[in-house]
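Structure first, commentary second.
Each reported figure results from applying straightforward, stated rules to the coordinates on display, with no laboratory input. Keep in mind that this is a model prediction, so the values were computed, not measured. Cβ sites come from the backbone with ideal geometry, for glycine too, and all protein chains shown count toward neighbours.
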Amino acid sequence: MQRQQSDGLAYYQFETLDMPHGVFTRLGGTSEGHLASLNLGKTVGDDPANVTANRARMLAALELEPGAARTVWQVHGARVLAVNGVGPGPDEEPPPKADGIITDRPGLGLWMRFADCVPIILHDPVRGAIGMAHAGWKGTAVGIALATVRAMQQTYGSRPADLIVGIGPSICAERYPVGPEVVAAIRDAFGDTDGLVWRDKLGKPHLDLWAANKRALHEAGVSQIEVSGLCTATHTREFFSHRAEQGRTGRFGALIRLPI
């Protein structure tokens, strides 16, 4: 990924994705204290005015007005929402529940919030469609990556082989020890845990969310995949991390849009 800066904000872009997008860091916002400074989450105890200002700053970095972007209420599931028009804006309360969002509407932005879960960004340059998914361990286990690919196939006629996908900054396997229930869920989802779960020197299992979602995408027929390799739990100066900051943290954003 390449690091970009705009009006005090810092964000990362995938080298293989040729459309306006960014995975934004926590830098360049108005929030204070442990939520400093570009917190985009309204459920973490921040002043709503700060969150509204931060969301507007993020959208402006990709030349979007507040009313020209849609988001979802992320619930760690596999529902994918197709949006075809401009909604009430980034502060719609509450937005519809889903963990995937897709569109083929030029100029419409799609965005989500993260703090260790995986942002997955999808682009179909042939059909002119984009998508985004939120994949924590639960979303990974229930197949949100596959569901988003299938939704783009069914809604826009996308071919998996045409999709270009970025797996964004999230918690890395080294920083992500998990319990037996997570291991069991991943085994049930993939049939095995080879290359997805490994044990440290103390025998504690660790989950590799990047590898799991890359495997899911490959099994869906996607071959063009770029993995960021940026660990949110390691780089807390740039990213909010629920695990590293023991839940006392904000939410960073990922934003994409089709050119007009």
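Overview of values
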| read-out | value |
| --- | --- |
| Global geometry of segment 167-254, whether rounded, prolate or oblate, following the gyration tensor of its Cα atoms and the 1.5 cut on a/c | oblate |
| Assigned charges on the beta-carbon of Lys, Arg, Asp, Glu; segment 21-118 dipole about Cα centre (debye) | 200 debye |
| Anisotropy class of segment 1-105 from Cα gyration tensor, a/c 1.5 cut | oblate |
| Least to most buried among Asp99, Asp192 (fewest other Cβ within 10 Å first) | Asp192, Asp99 |
| Span per principal axis, largest first, for the Cα atoms of segment 203-259 (Å) | 44, 38, 15 |
| Among 3-10, 197-204, the order from most to least packed when residues are scored by Cβ within 10 Å on average | 3-10, 197-204 |
| Ranking of Thr193, Thr236, Thr43 by count of other Cβ atoms within 10 Å, fewest first | Thr43, Thr236, Thr193 |
| Proxy reagent accessibility, fewest Cβ within 10 Å first, across Val44, Val149 | Val44, Val149 |
| Value of [θ]222 nm, deg cm²/dmol, for the chain, DSSP H segments ≥ 4, -39500 (n - 2.57) each, nearest 500 | -6500 deg cm²/dmol |
| Solitary cysteines of the chain, where the nearest other Cys Cβ is not under 4.7 Å | Cys117 |
| Stokes-Einstein D for the chain, Kirkwood Rh over Cα pairs, 37 °C, 0.692 mPa s (µm²/s) | 181 µm²/s |
